[in-house]
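Novice: One structure is given below, represented as structure tokens, and several questions about it will come after.
The values are calculated or read from the model by the stated rules, or taken from the named source; none is laboratory data. Treat the numbers as computed from the prediction; the structure is a model and nothing was measured. Cβ coordinates were reconstructed from backbone atoms using ideal geometry, including for glycine residues, and neighbour counts include every protein chain displayed. The accessibility values were calculated without ligands, DNA or RNA, using every heavy atom of the protein model including side chains. Shrake-Rupley method; radii C 1.70, N 1.55, O 1.52, S 1.80 Å.
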Amino acid sequence: MTILLDKPIHPAARPDSRTATAARRARLARMSFHVPAVLYLVIFFGYPIVANLVMSFQDYTVTSFYDGGAPFTGLANYAAILSDELFSTTLWNTAVFTVASLILQFAIGLGLALFFRRRFPLGGTLRALLLLPWLLPLLVSGTVFRWLLDQDYGVVNQVLLNLHLINDPVPWLVSPDHAMTAIVVANVWIGIPFNMVILYGGLQSIPPQLYEAASLDGAGAWQKFRHVTWPLLRPTTSVVVMLGLIYTIKAFDVVMVLTQGGPANSTQLLSTWSYALSFTNLQFGQGAAVSNVLIVIAMLFALVYLRAVRAEQSER
């Protein structure tokens, strides 16, 4: 009796198939760890951006939230905001607020980072206390500054009056001439700790031997900063400036608490104007259009930053 057997499997084939199966399972396991992050980005970032973009092309009203009816209007919302006289005002205010905040935050943050680089008693404690403005909620910080800058009962005016630096209380929050200064000062106070911490970390990465060599060559404090500190701190500086720009250009909480865009739109930014159009005038389509303009501006600056970083890396 003859028994027919199948063709025998080579022994090396089984381990290969098991290895491939194990590799696939490991790959799927690694991919599964990315699923929560991807879902989070899609739900809380992707969907709102897409919905806001769609809304900017619609005549979205309060009734649209109930019946879902929002006629398509094309570029009408964008044409309306671009032709509005307030658009140029808010764009200019946003530019002034952003540039002034960035310069002051970076300069003071860099000065504090250089100061705390030296070791002295209670240096760590003082550095930790300076993080307080960064840790407080923005609404709390705005409320504190609203109390400090109050025309009648504010601490700032009382101190200036006692020092005889002013004769009458300054209307910091209700005067078009002073309101922008008030919100810039508040925003700078909030942003200094971020700049200080990042720049301090960048300074810690510079080898101290370079400063010793510069001292042997007779370099002073300014020469050390110009030829050693600043060139080696430039990558960190780029990160600080770009993140600060993206954060500042969309500032909203502090401005709303202090001035709400007033007085007479002197502190009206793109972010606060978008809020006012949507939730005060109930023109949700135009409010969405303004926020999209703000997103495009932030993306343009981000692209410029990425190109600069790539160019710097290619030079190296």
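Novice: Give me the percent of accessible area attributable to carbon and sulfur for segment 218-316, probe 1.4 angstrom.
Specialist: For segment 218-316, the apolar C and S fraction of the accessible surface comes to 62 percent.
Novice: Here's something else I'd like to know. Helix hunt in the chain: which complete DSSP H runs extend at least 18 Å axially by C-alpha with mean Kyte-Doolittle at least -1.0? Don't skip to the answer; put the middle values down first.
Specialist: Working: long enough: 13-41 (42 Å, -0.14); 85-116 (47 Å, 1.52); 179-204 (38 Å, 1.47); 230-249 (27 Å, 1.27); 284-315 (47 Å, 1.04).
Length and hydropathy pass: 13-41, 85-116, 179-204, 230-249, 284-315.
Novice: With the contact rule set at Cα under 8 Å and sequence spacing of 6 or more, what percent relative contact order holds for the chain? Numbers along the way, then the final one.
Specialist: Values: 304 pairs, mean separation 79.4, N = 316.
Once divided by the residue count of the chain, the mean separation gives 25 percent.
Novice: Report the far tail of the P(r) of segment 204-260, meaning the percent of Cα-Cα pairs longer than 17 Å.
Specialist: Numbers: 897 of 1596 pairs.
Percentage above 17 Å: 56.
Novice: Quick one: order W230, W147 from most to least accessible surface, probe 1.4 Å. Don't skip to the end; give the middle numbers.
Specialist: Details: W230 95, W147 145 Å².
Heavy-atom accessible area, descending, gives W147, W230.
Novice: Report the Stokes-Einstein translational diffusion coefficient (µm² s⁻¹, integer) for segment 200-308, Rh taken as the Kirkwood radius over Cα pairs, at 4 °C with viscosity 1.567 mPa s.
Specialist: On the way: Rh = 17.2 Å.
Once the numbers are plugged in, D ends up at 75 µm²/s.
Novice: Calculate the FRET efficiency for R234 and D67 from the Cβ-Cβ distance with a Förster distance of 51 Å, rounded to the nearest 0.05.
Specialist: 0.40
Novice: Here's another thing I want to ask about it. Would the chain count as rounded, prolate or oblate if I go by the C-alpha gyration tensor, calling it rounded below 1.5 in a/c and otherwise prolate when a/b exceeds b/c, oblate otherwise?
Specialist: Oblate shape, in that a/c is at least 1.5 and b/c is the bigger or equal ratio.
Novice: Express in whole angstrom the spacing between the alpha-carbon centres of segment 116-132 and segment 254-284.
Specialist: 38
Novice: Given a 1.4 Å probe, how much area per residue of the chain is accessible, in Å²? Provide the component values of the computation, followed by the final result.
Specialist: Details: 20250 Å² over 316 residues.
Normalised by residue count, the accessible surface of the chain is 64 Å².
Novice: In addition: Once the Cα atoms of segment 124-201 are picked out, what are the Rg and Dmax in Å?
Specialist: Gyration radius and largest Cα-Cα distance of segment 124-201: 14.6, 44 Å.
Novice: Still on this model: Got a sec? Which residues in segment 260-293 would a label at E85 touch, if it sits 7 Å along Cα→Cβ and we count backbone N under 13 Å?
Specialist: 265
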